[in-house]
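Q: Structure in structure tokens, see below.
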Amino acid sequence: MSAISPKTLRSLRAAVRRKLLPWFARHARDLPWRAEPRRPYAVWISEIMLQQTRVDTVVPYFQRFLARFPDPAALAAAPLQDVLKRWEGLGYYTRARQIHKTAQTLVRDHGGQLPADPDALAALPGLGPYTVAAVASFAFGHPLAVLDGNVIRVFSRLLALPDDVGLPATKKKLQGLADALLLRDKPAATNEAWMELGALICTPRAPRCPECPLRGVCRAAKSKTPEAFPNKKKKMKVPHKVVGAAVILNAKNQILIAQRNPEKGMLAGLWEFPGGKIAAGETMPECIARELKEEMGLDIEVGAHLVTVHHAYSHFTIELHAHFARIRSGRPRHLECSGHAWTTRDRFDDFPFSKADLEIIRALRALPKPPRLRDHFPAT
Ligand code: SF4
């Protein structure tokens, strides 16, 4: 990225003060984590929830989470399963495990409060530079500029930036621009105004340039092709996985669920309908039977199809085929899982599940009556 001329910088700084901040004062959304006085804990939780997640999705989660865990001490004292349950469906569950750990650090080392010093914030586990800048500026008024996806998009359009914004060097330079444009007497408002402009006006598709307070200084708007920015290298095609899962019924018409290893891997600690990825040449029932043998040491009979769920994770997509099943022989062992439970469709709420497994639960609850072994496997 070529250096930004002092003249451009001056005109952008003037536009921030004269146009952007007054626009923000009129149009800022009334969001629960913006309630004054700002609570550092609420700012922190909201910033973690908002990573990779839309505001509309986050609001109800945030409200339920704060009602259940009103401060770091309550969060630190809660069992991890309870924290995961409140996070259920929000995705990226590492975030939930991390804030639980961080809350315990806050109780142990900081009297149960987030420290106001940015260096002390940065030393906490799980707070990256973005979260540190957000908490430090929104909650404590430190002059630190945030650079998130919204801000990157707005900046790259204002400058009609040809550089690939996926490159660390471009991000570093855009962070420099954010620092240079931060009004030191209004750090929180400047940061939030950029983010709000990106969320409401300078949206990824169809930016609303005629309504934008910065249209007078925007090069992309003048080029008439604002959507051409930011310049991102085409992403590689994400892998697609076909996966099978068993809804195993026992003679009491309970359903078997397994817990993923709480210490490592994706969706760690969540519960699931056991199963796994299909191998080349396998039918879906063969896949599910093999996976149950490997994961829990069970010999099962696979029956009717219940539902197929499509879900996109950040780096791959899945197509999850759930089938009813019954155990022919064996007792559940924890060969490739960390625990198991027999439950019913009314008791699923006692366990945290991933979004894809919640779709299986939804399909089970949509059945006219609870599934029974003898309805699905009449010969047993
Ligand atoms: S004028 Fe258009 S492209 Fe430029 S910042 Fe505003 S909304 Fe974005």
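The values are calculated or read from the model by the stated rules, or taken from the named source; none is laboratory data. Being a predicted model, the structure only gives us computed values, none of them experimental. Neighbour counts run over all protein chains shown; Cβ positions are idealised from the backbone, glycine included. SASA here: full protein model, heavy atoms, side chains in, ligands and nucleic acids out. Shrake-Rupley method; radii C 1.70, N 1.55, O 1.52, S 1.80 Å.
Q: Please verify whether L106 is in contact with a Leu (Cβ under 6 Å, 6 or more places away or on another chain) and either buried (at least 16 other Cβ atoms within 10 Å of the Cβ) or modelled with pLDDT of 95 or more (or both), treating the condition exactly as stated. If you could, list the steps in order and put the result at the bottom.
A: On the way: in contact with a Leu (Cβ under 6 Å, 6 or more places away or on another chain): no; either buried (at least 16 other Cβ atoms within 10 Å of the Cβ) or modelled with pLDDT of 95 or more (or both): yes.
Judged against the criteria, L106 is not a match.
Q: Just a yes or no: is a residue in region 109-132 touching a helix residue (DSSP H, G or I) at 6+ places or on another chain (Cβ under 9 Å), open to solvent by less than 10 Å² (accessible area, probe 1.4 Å) and closer than 30 Å to F229 by Cβ?
A: Looking for residues that are touching a helix residue (DSSP H, G or I) at 6+ places or on another chain (Cβ under 9 Å), open to solvent by less than 10 Å² (accessible area, probe 1.4 Å) and closer than 30 Å to F229 by Cβ, one finds at least one in region 109-132, hence yes.
Q: Go over the candidates L144, L183 one by one and state the one that is more than 16 Å from the ligand (Cβ to nearest atom), open to solvent by 30 Å² or more (accessible area, probe 1.4 Å) and in the same structural domain as W33 (by TED's automatic domain parsing).
A: Going through L144, L183 in turn, just one is more than 16 Å from the ligand (Cβ to nearest atom), open to solvent by 30 Å² or more (accessible area, probe 1.4 Å) and in the same structural domain as W33 (by TED's automatic domain parsing): L144.
Q: Being in contact (Cβ under 8 Å) with a residue 60 or more places away in the chain and of a type in the set (S, T, Y) is the filter here; which residues of region 70-103 pass it?
A: Kept after step one, since they are in contact (Cβ under 8 Å) with a residue 60 or more places away in the chain, are these residues of region 70-103: 80-81, 84-85, 87-89, 91-94, 97.
Y92, Y93, T94 - these are the residues of region 70-103 that are in contact (Cβ under 8 Å) with a residue 60 or more places away in the chain and of a type in the set (S, T, Y).
Q: Let me ask another. Quick check on A258: is it at pLDDT 95 or above, open to solvent by 30 Å² or more (accessible area, probe 1.4 Å) and not in a helix (DSSP H, G or I)?
A: Working: at pLDDT 95 or above: yes; open to solvent by 30 Å² or more (accessible area, probe 1.4 Å): no; not in a helix (DSSP H, G or I): yes.
Considered against the rule, which asks whether it is at pLDDT 95 or above, open to solvent by 30 Å² or more (accessible area, probe 1.4 Å) and not in a helix (DSSP H, G or I), A258 comes out as no.
Q: Can you find, within region 45-69, the residue that is nearest to R108 (Cα to Cα) among those that are open to solvent by 20 Å² or more (accessible area, probe 1.4 Å) and without any contact (Cβ under 8 Å) to a residue 24 or more places away in the chain?
A: Residues of region 45-69 that are open to solvent by 20 Å² or more (accessible area, probe 1.4 Å), as a first pass: 50-57, 59-61, 63-64, 66-68.
Subset that is without any contact (Cβ under 8 Å) to a residue 24 or more places away in the chain: 50, 54, 56, 60, 64, 67-68.
Working: L50: 26, R54: 32, D56: 34, P60: 29, R64: 25, A67: 22, R68: 21 Å.
Only one residue fits best here, namely R68.
Q: Scan region 150-172 for residues that are away from the ligand (no atom under 16 Å from the Cβ) and open to solvent by less than 30 Å² (accessible area, probe 1.4 Å) and jot them down. Working first, answer last.
A: Just the residues of region 150-172 that are away from the ligand (no atom under 16 Å from the Cβ), to begin with: 163-164, 166-172.
Passing the criteria: D164, T170.
Here's the yes/no breakdown for (1) assigned to a loop (DSSP other than H, G, I, E, B); (2) more than 15 Å from the chain's Cα centre (by Cα); (3) at positive phi:
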{"position": "L12", "(1), (2), (3)": "no, yes, no"}
{"position": "R18", "(1), (2), (3)": "no, yes, no"}
{"position": "R26", "(1), (2), (3)": "no, yes, no"}
{"position": "V43", "(1), (2), (3)": "no, yes, no"}
{"position": "D56", "(1), (2), (3)": "no, no, no"}
{"position": "L66", "(1), (2), (3)": "no, yes, no"}
{"position": "P70", "(1), (2), (3)": "yes, yes, no"}
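Q: Looking only at region 309-347, count every residue that is touching a helix residue (DSSP H, G or I) at 6+ places or on another chain (Cβ under 9 Å) and part of a strand (DSSP E or B) and tell me the total.
A: Total satisfying the criteria: 15.
Q: Sticking with this one: Name the residues in region 196-235 that are under 13 Å from L161 (Cα atoms), of a type outside the set (F, W, Y), part of a loop (DSSP other than H, G, I, E, B) and within 8 Å of the ligand (Cβ to nearest atom), would you?
A: C218 - this is the single residue of region 196-235 that is under 13 Å from L161 (Cα atoms), of a type outside the set (F, W, Y), part of a loop (DSSP other than H, G, I, E, B) and within 8 Å of the ligand (Cβ to nearest atom).
Q: Kindly list the number of the only condition in (1) at pLDDT 95 or above; (2) open to solvent by 60 Å² or more (accessible area, probe 1.4 Å) that fails for T225.
A: Condition not satisfied by T225: (1).
Q: Of the numbered conditions (1) at pLDDT 95 or above; (2) surrounded by 16 or more Cβ atoms within 10 Å (Cβ to Cβ), R208 fails exactly one; give the number of that condition.
A: It is condition (2) that R208 fails.
Q: If you check A96, A76, which single one turns out to be more than 16 Å from the chain's Cα centre (by Cα), of a type in the set (G, A, S) and assigned to a helix (DSSP H, G or I)? Walk me through it before giving the result.
A: Values: A96 fails: more than 16 Å from the chain's Cα centre (by Cα).
After ruling out the rest, the residue left standing is A76.
Q: Here's something else I'd like to know. Any residue at all in region 86-93 that's within 16 Å of the ligand (Cβ to nearest atom) and open to solvent by 10 Å² or more (accessible area, probe 1.4 Å)? Steps first, please.
A: Filtering region 86-93 for residues within 16 Å of the ligand (Cβ to nearest atom) gives none.
Within region 86-93, none of the residues are within 16 Å of the ligand (Cβ to nearest atom) and open to solvent by 10 Å² or more (accessible area, probe 1.4 Å).
Q: Cβ-Cβ distance below 6 Å, separation of 6 or more or different chains: which pairs start in region 279-298 with a residue that is within 14 Å of R333 (Cβ to Cβ) and end on one that is open to solvent by less than 30 Å² (accessible area, probe 1.4 Å) and part of a helix (DSSP H, G or I)?
A: Qualifying pairs under 6 Å: L298/L292.
Q: Among the residues of region 287-313, count how many are open to solvent by less than 60 Å² (accessible area, probe 1.4 Å) and farther than 11 Å from A325 by Cβ.
A: The number of residues fulfilling the criteria is 9.
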